[in-house]
Structure formats: C-alpha cells, structure tokens
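Structure, as structure tokens:
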Amino acid sequence: MRTDLAQACLNAHPSPQDAGPASWKQWTEAIQQFLSERFPDHDIAELIHARAELVDRMLQVLWREYRLNEIEDLALLAVGGYGRGELHPYSDIDVLALYRGRRAPEELGPFFQALWDGGLKLSQSVRTVHQCRQDARDDITLMTSWLEMRHLCGNSKLARDLEGNLEPRIGLFRAPLWTHEQFFQGKVTEQESRHQQFGGSNYRLEPNIKEGPGGLRDIQTLHWILKRHEDIESPSDFCEPEELELLHEGERFLWQVRFALHETSGQAEERLLFNYQCPIAERLGYQGDTVNHTVESFMQDFYRTTSEIDRLAEVLSQHYRESLQPPSRNAPRPLNAYFQVLDGYLETRDEKVFKRRPQGLLELFLLLQQNPEIEGVRARTIRLVRANLHRIDDAFRARLASKSLFMEILRQPQHVARELRRMNRYGVLRRYWPDFAKVVGMMQYDLFHIHPVDEHTLRVLTELRHITKTVHEGENPLYHELFLQFPKPELLYLAALFHDIGKGRDGDHSSIGSVLAREFCLDHHLSAYDAGMVHWLVEHHLQMSITSQKRDISDPDVVSQFAMLVGNGVRLRGLFLLTVADLRGTNPALWTPWREALLYQLYVATDQQLQRGLDQPFDAAQQIEDLKISALAKVPHDEPAACHRFWDSLSDSDLLHYTDDELAWQTECIVGRDPGIPTQVFVRHQGEHHCTEVLVYDESHARLFVPLTAALARLGANVLYARITETRDHHILQTFLVTDVDGHPISERYALEEMRTTLQNVAQAPGDFDRPVLRQPKRRTRHFDLPTEIEFVQRETPPETRINLSTSDHPGLLWTVSRALDSCQVRITQARITTLGAQVQDVFTVTDAESRPIHDPKMQTQISDTLRQHIKELGDSLRE
C-alpha cells in the first residue's frame, strides 16, 4: 500500500514511461526536491519510507522496460536499509538480483546501468540462492543484509527460497546457519569492534550518527538479533514498553538528524562535522542567543539521545545473553537482606526490593565497591533500577541514609570512578544530583573541550583515581606522593564533580559551582572546614593553569601573589592535583610536557614560598648565587672567568628566567662561540621541557625577531615561548622553545641541523625571510573564525606593558603579530604562546623603542588596530 506522501509525489511528478536516462535523472531530482521541501515539518518516518517507495516505482518500471519480467528464473530484492523501506536522501540503494541457472542473465547489465544513469546510487549484487547461503555462512554482514530482504520484481518463489535457505536450521543433513546464539555473538563482537573505533563513546566533537555508540546501527543491531531468534515474534516480546518507546523516539530523532545531514552535505555523510552542525541545528528548529548556543542546544539533545540508546542497548544485550544461558545450578550467595550474588553477578533478592527500600538504589553501588570479585549486575536488576528511578525524589535526597550512602561511596578506597560511571549509566547519578542532570550532554562549541560536561567531569575524577593507584611509567612520581599527603581524598573527588557544574548558567561557572559545592557538602554533613576546602578548590580551579601559562612564573612577584591566593600547602596540593586531572580530562592534546613543566615549576616555586612564609620576601640574590653555582658545575668549559663575565652582562631579572640547565647550555654556547661571526645560532633538544631550544646570539643589532619567526613558520615549528634579552654590553639573546606542529620535540640530528642552518642564514640575510611559506590550517580549525581581543596591562616592576591577545589559531600567527608590532616600533621582550583548540591566548611583554612601557592611549589604539588588520589579512590569505 503506497503512503499518502509517495502518492502525492507521484501525482505531482508522474514517473516517466519508455524514457531515457535523462528523463529519469530529472525525475529522481524532482522527487528529492519534493521530499526535501516537506522536511522537517512532515513526519520523518513517512519521508524516508516514501523515498523507498518511489525508488521501488522506478526499479519496477525499468524492470519491465528492459523486459526482465519475461525471464522466469530471475528476481530483484531490496536488501539492507532499502529492504527495511528506509531511504535517506543519499543512502545507498542495496539490491540483490537472484537467478537460477549456470549464468546470470546478460540483460541485468543494461538495467543496472540505466539505474545509475537515472541518478540512483546503486549497490547491486547478483547471486544464486546457493551462492547466497554459502556467502552468508562466511560473512555475517551479508547475512544481516539479507535478513532485511523485500521482494521487488520477478519470480517471488526465488525470494521465498532464499528466505528458507537462510533459516538457522534446515533439515537433518544441513549444517546450522547462524543460529540465534551464534548470530548474537557475532553481532556483539562486530558492535564491540565498531565501538572501539570511536573510543567506546559517541561523546565526540564530530560524532558518527550511524556507526558510533548509541547511533542508528546499535538500534538496527538489536532489531536484527531479535529477528533472528525463532521464539521472538516481535520486539514487544522481549522489551518493556518504556524501552520500546525510548528506542522508537531515539530512532526518529536520529532519522531527522541523518536526513538533514545528507541534505546539508549533499552526500551520504554520516559524521556530524563542525561545518554541518550549525545549519542542521537551524534546519531542525533550534534557536539560541548566539550560533554557539544554537549548536550546543542541538548537540546536547544528540548526546543525550545516543547515550540513552547506548545504555539501553547494553542492558538489552546483557538480558539477551543471560536468556541464552541455562538455569544456574549454583545457590545464590546473600550479601544482605536485599542483595545476593549469583554466578558472579549482583542481583536483588526479589522484584520489590527498591519499593521496600529505595536506598538500595545507592547501596547497590557501594556493595560493588566492597565486593570487587563481583563481575557486574544482572540485567534484570539493571532494569529494576531504571524502572524505580522515580523513587529518587526530594524526600529520598533528604534522608540521612541516602546522604551517608553517597558519601560512603566517595570514601571507598577503590572503584570510586567506576561506580560513579555506573551510576551515571543507570540514571541514578542525575536523579540523586539534579545539578548534574543539567550538564548531561552539554557541550561547548569549540576545539578545546572535546567532551560534554558530564563526560569531562567523570574523566577528571578518573584521572584523580589514576593518580591514587601507583606511580605509572613516564609519570611524575610527585603526583602520587602528593595525593597520599592530601588528608581527605573525597574532598578532591567532590571538587572534581563540582568544578564545571556551573556551566550553562548566567555568570562565572567557577563561582556558581563553588556555591553549589558548599551547599552540597554542608547538606551531606561535612564540616565547615571541609566544605570550605571544596568551595575554594572549585572557585579557583582555573587559577593554577592560567598563572602557569599566561604569567611569567620566573618572576618572584607572580609566585608571591599566587602563594598569597593559595595560602597553605594543603590547598596547593589539592589545586595542583585538580589542575593536572582537569587538563588531562579536557583534551589529551592539552596535556603536553611543556604545560606539565610549567605547572610543576609553579608548584615548586609556590611551595618554597609557603615554606619560607608569606611574610618572608624572596631572596633573589641567594637564588641567583645558587643558580650560578649549579650552572657552573654543568658547563664543560674550564673557564669560570669567562662564564662569570657573561653572567655579569645579564641583569638579575634576566637571570631569574633561567634554570640551571638552560643557563649552563647558553653559557657554553656563548663562551665557546666563534668571535669572528657577529650572529650565531645554536639549537638543542631540551629534555627538561620536552621541546627544542633555539638560541640566537646577536652582536649586530639587526632586527631579527620578525624574520626568525618567519623562518620558524616556514620550517613548520610551533613556538611555545620566546624571550629577547639585551645584555649590559648591548648584545641580543633571542631564545625560542619550539615543537613540531603536533607538539612533539624536534630531536633528530638532521632536523636540528636543518633548523640551525636555516636560522643562521636568516641572521646573515634577514631580508630573504621576510615572509613564511604558510601551511594550510587544519580542517577543524578553519571552521572557527573567532574574534580578536586585545588587552593592555601595565606592570610597575620592571616597567613594561603586557599585551594579552586572543584570536583564531592560524599558521604563521606569531610572525604576523611580531611584524605588526615591529611596524609600530614596539619591542617584544617575551612571548608566551598558549593554543586552546582553535583559539590562541598569547601574552606579549613589550616596550616602546626606548624600552619604556606603553601608556599612551593613542599608541595603544594604533597597536590594536594594526594587530587586528594584520591578523585579518593573514586569515583572509589562508582562506583564499
């Protein structure tokens, strides 16, 4: 029976008769346009079913036109998604031509060619029934596709023969073909492999709506598994009504997204790429104050939908697996009056446990922590948990027993993160903690935060638990040591849970989260001191990262100010560990050796200040003396007088920027340099910060910073840090710390020599390197065109100006900025480069040409305008 929509389309656009490919191509384009105009207002199921019916019409007409209906032993079947009657705008049209005989009819070739020429994206195969059975035995994907067969044209008996031959058991003398047990295991293995390709989660910046966890393929897999079972007539025989409704709603939502994605991309695209997310959100009717809010609202619905499908598919799959097992002969082992363990799995002792004792909805997770030998939870019990979530209400949350159980879960020595994740999968966490429910699936439309807030929160908690277990290879042992020194680990866990809970609300999320954290802690009967600790950690959870990356942490004043903020060693240890876990849990690309080294340097300097006492001034003279002694021991030259002459040429503030290793290496380079060459370049692999260090020693007073940054961009180097120092004898030291474009140190000898030679050529002929050859920005980065924000900050000691620059990340940006500042007669003395996804947040310490701070508002305006213009020109040139 043709749907009303398909009939309406045929009334408006009758199918051609006895027409050539051009007419059919026009017709396929017309029906595509007809259906597109009715999306998204029309019922999505009817749209995709109507397209399948209209394609049916085209195949059936051409089948007759090519006189294939006159061949008795031939049939055409729709298989796969087309067999289900589901076709999205650019879905493949899977067909199987079945024939009986020694050779396939030659007439099929022109028929298939006509379909391609008529605008259909066909995926065809030609087989006998016997070949199908043989191929299905070897390939579960083919077997699955043919489960969806639907007769279109020709001999229907061939279709029935195939259907009979694909039955699990046929007669006494034929081997079973994919029994429901085998089929289930095969599809589960296939699904696990597919999920692994996506990191086990569809919480990705650009998720795959079809193949990713919780996507359409998971719903289809469940459908196939149930269809293969001889004793299951329909999904309602296996699933609860609420489960079927959830699957139905999720499928319809994903159908809408997929339909819009195909139309927006103009192809069979299954990835929600950044450049499609905004137009799809708007097409589906999402609205927000900004483009970001529109996309974030849409993606939150997407993440929530796929998460629910993923969790439900997991429960139903486990339920199916358990149904295949024979009844256990073992006696259950009681844990208490409400729970027992059978064959390694936790289960309730009866169906009404949660009705009699709602607190069991939390106790279940505590028992799993306290009994680590338990392998998991019975599917029946998981379904009972989901069915009783409504019992977690305000009265439940107000009970002392509930609060005590939740805190006891956090205080357990093992499996804290694992069980909180399980609580989230079962829906318990968001019911017990309503503030958490608000951030489930909440994403930020950028390249910095690669996980939604709920997933990021649990990843931060997992990172903290990772630190607790042992010292891992390649990891700083300080983390584990500091964790053992922190008096109450549950306070750190609470800080991790609340640090981003304020996102999505008006105001500073750190301040909002800190207030919510204090209320939660006091409500759960923590002491005022403990509640205050969690409040402070949440409120300031970004400060250590910001200070280490954007401030000059070699400056004693910066360290002193940070130490005043922290106040004591317990806070410092807690903030340090939370910051490490937060960076690791935000984006793996953020946790670089460079950032780790900066955090560690700030921690050590702050700890030393706290041990001296906040009222004790930093002893710069002693620090410098200790630095020289340590550096001298590392300099291989037996010329201490020459070393001291170089050090005497540096100011105290310059010396405080050095580590002993860096000072020793630069001293060795300068003392041993060729005095006949006025400008020399030295390069080494810098192990301390896991990067490459470049030193340019210049006696010629050439303005080399701009051409040096151009050459580094041409070499594909990513500059992390730059410092320009003028010695008392008016020589210039320019120091760069760089990595390759992927953040790895450049350590191969040939690459270091190429860099040194290139930069040495710059020193000799800077005019030849006035512009770099820029690589194209990455696809994801190109999509984000962020505003350029510029801020001037004055510093009294030493007198200088700091420019805070936030803009889109582009290849060659440092060269562009240095060129713009140079054109304004501005000198850069230090540059800190921080890349956060598609955004950079750079800090430049500058003076005017006379080494004075820049106070004049007119000059600041000129600098800002010049920077904006140069950055715009760079972006425009890269888009050409």
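The values are calculated or read from the model by the stated rules, or taken from the named source; none is laboratory data. What you see is a predicted model; the values in this text were computed from it and never measured. Don't worry about glycine lacking a Cβ; one is built from the backbone with ideal geometry, like all the others, and counts go over all protein chains shown. What goes into the accessible areas is simple: the full protein's heavy atoms, side chains included, and nothing from ligands, DNA or RNA. Shrake-Rupley method; radii C 1.70, N 1.55, O 1.52, S 1.80 Å.
Among residues of region 22-59 being open to solvent by 60 Å² or more (accessible area, probe 1.4 Å) and under 23 Å from Gln113 (Cβ atoms), the one that is nearest to the chain's Cα centre (by Cα) is Glu29. The set of residues in region 379-427 being under 30 Å from Ser323 (Cβ atoms) and of a type in the set (Phe, Trp, Tyr) consists of Tyr426 alone.
Taking region 504-563 as the region of interest, the helices (runs of 4 or more DSSP H) fully inside it that hold 3 or more residues being more than 30 Å from Phe298 (Cα to Cα) and among the aliphatic types (A, V, I, L, M) are 528-539. Taken across region 222-229, residues that are among the charged types (D, E, K, R), farther than 16 Å from Leu324 by Cβ, assigned to a helix (DSSP H, G or I) and in contact with a Lys or Arg (Cβ under 9 Å, 6 or more places away or on another chain) do not occur at all.
Conditions tested, residue by residue: (1) among the hydrophobic types (A, V, I, L, M, F, W, C); (2) assigned to a helix (DSSP H, G or I).
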| site | (1), (2) |
| --- | --- |
| Thr381 | no, yes |
| Ala395 | yes, yes |
| Gln414 | no, no |
| Ala417 | yes, yes |
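For first residues located in region 382-401 and farther than 14 Å from Arg357 by Cα, partners that are among the hydrophobic types (A, V, I, L, M, F, W, C) and open to solvent by less than 30 Å² (accessible area, probe 1.4 Å) and lie 6+ apart or on another chain with Cβ distances below 7 Å form the pairs Ile382/Val315; Arg383/Val315.
Scanning region 179-236 for residues that are more than 24 Å from Gln256 (Cα to Cα), at pLDDT 90 or above and open to solvent by 30 Å² or more (accessible area, probe 1.4 Å) turns up Glu181, Gln182, Gln185, Thr189, Glu190, Glu192, Ser193, Gln196, Gln197, Lys227.
Quick grid of which residues meet (1) of a type outside the set (Asp, Glu); (2) open to solvent by 60 Å² or more (accessible area, probe 1.4 Å); (3) within 18 Å of Asn761 (Cβ to Cβ); (4) within 33 Å of the chain's Cα centre (by Cα):
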position: Ile677; (1), (2), (3), (4): yes, yes, yes, no
position: Pro707; (1), (2), (3), (4): yes, no, yes, no
position: Ala717; (1), (2), (3), (4): yes, no, yes, yes
position: Ile724; (1), (2), (3), (4): yes, no, no, no
position: Arg728; (1), (2), (3), (4): yes, yes, no, no
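When Asp435, Asp506 are checked against the criterion of being over 23 Å from Asn587 (Cβ atoms), within 26 Å of the chain's Cα centre (by Cα) and free of Cβ contacts under 8 Å to residues at least 12 places away in the same chain, Asp506 stands alone in meeting it.
The set of residues in region 400-423 being open to solvent by less than 20 Å² (accessible area, probe 1.4 Å) and either acidic (Asp, Glu) or closer than 30 Å to Thr592 by Cα (or both) consists of Leu410, Val416, Ala417, Glu419, Leu420. Taking helices (runs of 4 or more DSSP H) as the structural unit, those lying wholly within region 14-124 and holding at least 2 residues that are hydroxyl-bearing (Ser, Thr, Tyr) and under 30 Å from Phe253 (Cβ atoms) correspond to 21-37. Does region 794-838 hold any residues that are acidic (Asp, Glu) and either touching a residue at least 60 places away in the same chain (Cβ under 8 Å) or closer than 23 Å to Leu655 by Cα (or both), and which are they? Passing the criteria: Glu796, Glu800, Asp822. Within region 858-871, the set of residues being open to solvent by 90 Å² or more (accessible area, probe 1.4 Å) and either in contact (Cβ under 8 Å) with a residue 60 or more places away in the chain or touching a Phe, Trp or Tyr at 6+ places or on another chain (Cβ under 9 Å) (or both) comprises just one member, Arg868. So, of the residues in region 679-694 that are open to solvent by less than 60 Å² (accessible area, probe 1.4 Å) and part of a loop (DSSP other than H, G, I, E, B), which turns out to be farthest from Glu753 (Cα to Cα)? My answer is His689.
Taking (1) outside any loop (DSSP other than H, G, I, E, B); (2) open to solvent by less than 60 Å² (accessible area, probe 1.4 Å) in turn, Glu475 satisfies each apart from (1). Tell me whether region 301-321 contains one or more residues that are without any contact (Cβ under 8 Å) to a residue 40 or more places away in the chain and either in contact with a Phe, Trp or Tyr (Cβ under 7 Å, 6 or more places away or on another chain) or exposed (fewer than 15 other Cβ atoms within 10 Å of the Cβ) (or both). So far as region 301-321 goes, no, none of its residues is without any contact (Cβ under 8 Å) to a residue 40 or more places away in the chain and either in contact with a Phe, Trp or Tyr (Cβ under 7 Å, 6 or more places away or on another chain) or exposed (fewer than 15 other Cβ atoms within 10 Å of the Cβ) (or both).
With respect to being at pLDDT 95 or above, more than 25 Å from Arg571 (Cβ to Cβ) and of a type in the set (Phe, Trp, Tyr), Tyr432 fits the description. Scanning region 362-377 for residues that are among the charged types (D, E, K, R) and crowded, with 20+ Cβ neighbours inside 10 Å turns up just one, Glu363.
Checking each residue in region 162-176 for being modelled with pLDDT of 90 or more and outside any helix (DSSP H, G or I) picks out only Leu166.
Could we say that Leu497 is surrounded by fewer than 20 Cβ atoms within 10 Å (Cβ to Cβ) and of a type in the set (A, V, I, L, M, F, W, C) here? When the stated conditions are applied, Leu497 does not pass them.
State yes or no: is Arg252 assigned to a helix (DSSP H, G or I), of a type in the set (Lys, Arg) and open to solvent by 80 Å² or more (accessible area, probe 1.4 Å)? No: the conditions fail for Arg252. Within the set Lys488, Lys503, the sole residue that is within 24 Å of Pro434 (Cα to Cα), open to solvent by 10 Å² or more (accessible area, probe 1.4 Å) and among the basic types (Lys, Arg) turns out to be Lys503. Restricting the first member to region 340-369 and to residues that are part of a helix (DSSP H, G or I), and the second to residues that are among the acidic types (Asp, Glu), the beta-carbon pairs closer than 7 Å and six or more apart or on different chains are Phe365/Glu419; Leu366/Glu408; Leu368/Glu419; Gln369/Glu419.
Quick check, is Leu663 open to solvent by less than 20 Å² (accessible area, probe 1.4 Å), out of contact with any Asp or Glu (no Cβ under 7 Å at 6 or more places or on another chain) and without any contact (Cβ under 8 Å) to a residue 40 or more places away in the chain? Walk me through how you get there before you give the answer.
Values: open to solvent by less than 20 Å² (accessible area, probe 1.4 Å): yes; out of contact with any Asp or Glu (no Cβ under 7 Å at 6 or more places or on another chain): yes; without any contact (Cβ under 8 Å) to a residue 40 or more places away in the chain: yes.
It is true that Leu663 is open to solvent by less than 20 Å² (accessible area, probe 1.4 Å), out of contact with any Asp or Glu (no Cβ under 7 Å at 6 or more places or on another chain) and without any contact (Cβ under 8 Å) to a residue 40 or more places away in the chain.
Might you let me know whether region 587-608 holds any residue that is over 30 Å from Asp742 (Cβ atoms) and touching a residue at least 24 places away in the same chain (Cβ under 8 Å)? There is at least one residue in region 587-608 that is over 30 Å from Asp742 (Cβ atoms) and touching a residue at least 24 places away in the same chain (Cβ under 8 Å). Residue pairs whose Cβ atoms lie under 8 Å apart, separated by 6 or more positions or on different chains, with the first residue in region 3-16 and closer than 20 Å to Gly118 by Cα and the second assigned to a loop (DSSP other than H, G, I, E, B) and open to solvent by 40 Å² or more (accessible area, probe 1.4 Å), are Leu10/Arg2.
Among the residues of region 493-503, those that are in a loop (DSSP other than H, G, I, E, B) and under 23 Å from Thr468 (Cα atoms) comprise His499, Asp500. Phe274 passes every criterion in (1) open to solvent by 10 Å² or more (accessible area, probe 1.4 Å); (2) farther than 26 Å from Ala398 by Cα apart from (1).
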